Amino acid sequence: MKKNKSFIYLGFVIPLVFWSTLIVCGLMTENYNHLTNIVSELGRIGTRTQYIFTTGLVLCSILSLLFCIGLYKTAIEIGLQTIPILLILTYSFSILGAAIFPLPLRLHGILGFPSMFLPLSPLFAIIFWKATVIQNIKFFSVLIFIIMILGFLTLIPNFIDNYSGLKQRFFHIGWTLWFVYLSHSFLQLEKR
């Protein structure tokens, strides 16, 4: 039970590692703008920040696997459906693939693709989890799902095309909120 709790706390740590990596690498990269440049440019082959960025993403991937283990074990203990949790693994594998195969390698996009399924995690939470078990699940799941989906605006090239970084960050803000919300909620479940 104590190990589960430690793993569940990682939902707070993963966003800190991710956003710190972005900020540090962004500051080290000349003319980088978080609103116009995509995240992966910070890890592009040959950049000064390639290895810092890769290290940060690999660490996020490892921590998110442990986070999933903690959530999964708690869900099993209390009889909660695990599909929303298992969908978080799409993030774990995508961020690892994007780290190991930086831009402009073709595998960067291919291995980063599974994260497109991550918005299904809060969507399925609405379907499978009851508000009596997890507080405010419907409200937060819908809100976070919408924020994550806004990240898919990057797939619409002519829509505010000068702000690819901003569009992409909606997705990252969405999963950040989802991880923090899950950590908070599952830590409350652990106390019961």
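Ranking Gly26, Ile126, Gly151 by Cα position along the charge dipole of the chain, where only Lys, Arg, Asp and Glu carry charges on their C-beta atoms, puts Ile126 farthest toward the positive end. Each semi-axis of the equivalent ellipsoid for the range 105-175 is √(5λ) with λ an eigenvalue of the Cα gyration tensor; in descending order they amount to 27, 15, 8 Å. For the range 93-100, backbone phi angles converted through the Karplus equation (6.51, -1.76, 1.60; θ = phi - 60°) give residue-by-residue couplings of 6, 5, 5, 5, x, 5, 6, 6 Hz, Gly and Pro being listed as x.
Based on DSSP H runs of at least 4 residues, each adding -39500 (n - 2.57), what is the mean residue ellipticity at 222 nm of the chain after dividing by all its residues, to the nearest 500 deg cm²/dmol? Spell out each step's value before the answer.
Numbers: 8 runs with 130 residues, N = 192.
Taking each H run of at least 4 residues, the total per residue is -22500 deg cm²/dmol.
Amide H contacts under 5 Å for Leu118: none, restricted to partners 5 or more places along the chain or on a different chain, H placed in the peptide plane at 1.01 Å from N.
The phi torsions of the range 13-19, fed into the Karplus equation with coefficients 6.51, -1.76 and 1.60 and a -60° offset, translate into couplings of 7, 4, x, 4, 5, 4, 5 Hz, rounded to whole numbers, with Gly and Pro shown as x. Build a GNM of the chain with springs between Cα atoms under 10 Å apart, and of Ser20, Ser121, Ser61 the one that fluctuates most is Ser20. Applied to the range 40-53, the Karplus parametrisation 6.51 cos²θ - 1.76 cosθ + 1.60 on θ = phi - 60° returns per-residue 3J(HN,Hα) values of 4, 5, 5, x, 3, 4, x, 7, 4, 9, 3, 7, 5, 4 Hz, with x for Gly and Pro. In plain terms, if you count all Cα to Cα distances in the chain and split them into 10 Å steps from zero, the share in each step is 10, 36, 34, 16, 4, 0 percent. Between Ile146 and Asn31, what FRET efficiency comes out of the Förster formula 1/(1 + (r/R0)^6) with R0 = 30 Å and r the beta carbon distance, rounded to 0.05? Efficiency at R0 = 30 Å is approximately 0.40.
We did not get these values from a lab; they are worked out from the coordinates using the rules stated. Keep in mind it's a predicted model, so treat the numbers as computed, not measured. For neighbour counting, all protein chains shown are included, and Cβ atoms are generated from backbone atoms with ideal geometry for every residue, glycine included.
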